[in-house]
1. Taking segment 59-80 as the region of interest, how many residues are buried (at least 18 other Cβ atoms within 10 Å of the Cβ) and of a type in the set (Gly, Ala, Ser)?
2. Considering only segment 4-11, I want to know if a residue exists there that is at negative phi, modelled with pLDDT of 90 or more and in contact with a helix residue (DSSP H, G or I) (Cβ under 8 Å, 6 or more places away or on another chain).
Amino acid sequence: MLHMQLLPMDVPAELHRWLEAEGAAGANPCEMRVASGPLIIMAYGLMSIDPAERDRFWITSELGDLTASEAEEALRRWSAVH
């Protein structure tokens, strides 16, 4: 989790998703990279996902990880300054 300072919008980032593992019951879920690009694009992409599904997604970057709620807050902060 990142501290909520104003993050640079153009830092390279990736959107990831937890997938249920196929096979035996109780198998561990696995992670899948969904998309990559500038942080602001990944944040908007994450916000376009159904809110009921967002807890299965997160953003990674060299600055750390962002949950859906943290990405939403980053978008609010960017909008307030620009």
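The values are calculated or read from the model by the stated rules, or taken from the named source; none is laboratory data. On a predicted model such as this, the values are computed, not experimentally measured, just so you know. FYI the Cβ positions are ideal-geometry reconstructions off the backbone, even for glycines, and counts take in every protein chain you see.
1. 4
2. Taking segment 4-11 as the starting set, the residues that turn out to be at negative phi are 4-11.
Next, only the ones that are modelled with pLDDT of 90 or more stay: 10-11.
Still in the running and in contact with a helix residue (DSSP H, G or I) (Cβ under 8 Å, 6 or more places away or on another chain): 10-11.
For segment 4-11, residues at negative phi, modelled with pLDDT of 90 or more and in contact with a helix residue (DSSP H, G or I) (Cβ under 8 Å, 6 or more places away or on another chain): present.
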